[in-house]
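Heads up: the structure comes next, in structure tokens.
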Amino acid sequence: MDAGAAPPVSTHPRLAEPVAVLMPVYNEARLIRDVLDEWIGEVFAYLPDGSQFIFDDCSDDGTEVTLRDYAARYPFIAVNSSVRDGFIKAAKRLHAAVRCPLAFFTDSDGQYVAQDFWDVAAHIGTHDMVHGYKQRRKDPLYRVAASSVFNRVVQVMFGSVGHDVNSAFRLIRREALQWVAPRLSQMPALLNAEMYIRLEWEGFRIKEVPIRHRFRRFSKSRGLPLKSFPIECVRAFGGLVALRRELTAEP
């Protein structure tokens with residue numbers, strides 16, 4: 001993806017359409033350089049011209065300095081500096097910034113393996129969204145257990161076949177993203193799950209692909225802290241009930 005540089009020889013499936021890779025970021029100064037190098041070397045080196053690497057950053061630990069440095073070197077990187085106003089607002093800003101036919105959403109904490117992008121991309125030609133589900137999740141036991149229960153409840157309530165509906169590793173067609181993004185409102189903390197449920201409910205073509213998951217290298221995950229675990233579980237179930245009520249009430 002460097003200007004004027006010949007693309008490296010690739011054994012990956014060829015994508016004919018550019019991709020916008022979207023990452024929300026908050027205080028990842030100790031590992032963001034490794035994340036950038038991994039995604040640039042394993043993914044962007046083989047993507048079509050016109051692809052985007054977009055960050056929504058609300059850090060206060062120096063992460064933005066690294067992002068801006070990389071953006072100056074790689075013209076496909078764009079950095080939006082924002083206030084810390086919640087995951088759903090950061091995700092929606094990223095969704096609105098997409099200019100490519102395909103969008104890929106993932107986390108910036110280094111737990112996902114960039115190379116697995118190609119396992120997902122191999123199926124996008126015949127699907128509206130290809131979703132990577134974690135085979136062996138490398139998170140604290142209470143989060144693994146909560147995720148297992150949550151996914152089982154989703155299967156029962158919505159007739160879903162999803163194994164890991166809130167996983168942040170998915171490639172989606174822009175048309176499907178534009179349809180679903182304005183409708184995301186019931187589950188702010190579990191936006192990825194709500195997107196999956198809505199698309200599946202409406203009959204969009206979804207493919208699940210197993211992916212790898214790493215232990216977090218630095219600090220603890222901020223996705224579901226133990227101190228707020230009980231209240232977040234109640235909110236998650238309440239969000240599912242509200243979403244089920246909304247979807248079954250629609251003609």
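The values are calculated or read from the model by the stated rules, or taken from the named source; none is laboratory data. Note that the structure is a prediction, hence the values are computed from the model and not measured. Every residue, glycine among them, receives a Cβ derived from its backbone with ideal geometry; neighbour counts consider all protein chains shown.
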Test each condition in (1) in a helix (DSSP H, G or I); (2) within 30 Å of ASP61 (Cα to Cα) for ILE197 and report the one that comes out false. (2)
Which condition number does LYS138 fail, the rest of (1) surrounded by 15 or more Cβ atoms within 10 Å (Cβ to Cβ); (2) in contact (Cβ under 8 Å) with a residue 40 or more places away in the chain being met? (1)
When residues of region 40-89 are limited to those that are modelled with pLDDT under 95 and of a type in the set (A, V, I, L, M), the one farthest from the chain's Cα centre (by Cα): VAL83
I need the full set of residues from region 199-242 which are of a type in the set (Val, Ile, Thr), out of contact with any strand residue (DSSP E or B) (no Cβ under 8 Å at 6 or more places or on another chain) and modelled with pLDDT of 95 or more, in order please. VAL241
For region 29-129, please list each of the helices (runs of 4 or more DSSP H) lying entirely inside it that holds at least 2 residues being within 18 Å of HIS213 (Cα to Cα). 32-42, 117-121
Of the residues in region 48-67, those that are out of contact with any Leu (no Cβ under 6 Å at 6 or more places or on another chain) and among the aliphatic types (A, V, I, L, M) come to VAL65, LEU67
Confirm whether PHE169 is in contact with a His (Cβ under 9 Å, 6 or more places away or on another chain), of a type in the set (Phe, Trp, Tyr) and in contact (Cβ under 8 Å) with a residue 24 or more places away in the chain. yes
When every residue in region 63-103 that is within 15 Å of LEU36 (Cβ to Cβ) and in contact (Cβ under 8 Å) with a residue 60 or more places away in the chain is compared, the one surrounded by the fewest Cβ atoms within 10 Å (Cβ to Cβ) is PRO75
Kindly indicate whether any position in region 150-169 is in a loop (DSSP other than H, G, I, E, B), at pLDDT 95 or above, closer than 22 Å to ARG216 by Cβ and of a type in the set (D, E, K, R). yes
When only residues in region 142-156 that are touching a helix residue (DSSP H, G or I) at 6+ places or on another chain (Cβ under 9 Å), of a type in the set (A, V, I, L, M) and surrounded by fewer than 16 Cβ atoms within 10 Å (Cβ to Cβ) count, which is farthest from ALA193 (Cα to Cα)? VAL149
Here is a list: PRO182, PRO188, PRO251, PRO210. Which entry is within 18 Å of the chain's Cα centre (by Cα) and exposed (fewer than 12 other Cβ atoms within 10 Å of the Cβ)? PRO182
